[in-house]
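What follows is calculated from the coordinates using simple rules that are stated; it is not laboratory data. Here the structure is a predicted model, which means the values were calculated and not measured. Methodologically, a virtual Cβ is constructed for each residue, glycine included, from the backbone with ideal geometry; neighbour enumeration extends over all protein chains shown.
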Amino acid sequence: MPKVLIIDDDESITSLLITLLKLEGYQAFESRDWAGIPGILIDENPDLVLMDCILSDRNGLEILAEIRSNHVLADLPIIMTSGIDLSDESKLNGADGFLLKPYSPDLLLETIKNHISGGGK
């Protein structure tokens, strides 16, 4: 069962995403310890990360760059999301993909499936 970590400061979105992914056969979980994300990624070993670019007290793009600077996590698929088009910034910081909110459940599931199965970037 593929494992997906969701990093988003909107609890309602996070709850909906976890429910959707579990219904589709994924093990989905969230983390609000944004400072400790690299350690959580190493401990939990998710197959993919879905992360918002703009978090309440931290910049998701900075977290992305921090993750990419860790050689152990360099190949972890990371999909960034935002209500503003930050696709270029996301790619420059090492994201494997970007979804502009609001996105459809079908697009989300297709994107996750493609990146977990190795069809990313």
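Among the candidates ILE84, ILE7, ILE18, the residue that is of a type outside the set (D, E, K, R) and under 20 Å from GLU110 (Cβ atoms) is uniquely ILE18. Among the residues of region 1-31, the ones that are touching a helix residue (DSSP H, G or I) at 6+ places or on another chain (Cβ under 9 Å) and closer than 25 Å to GLU89 by Cα come to 9 in all.
Counting the residues of region 16-67 that are touching a Cys at 6+ places or on another chain (Cβ under 7 Å) and not small (Gly, Ala, Ser) gives 1.
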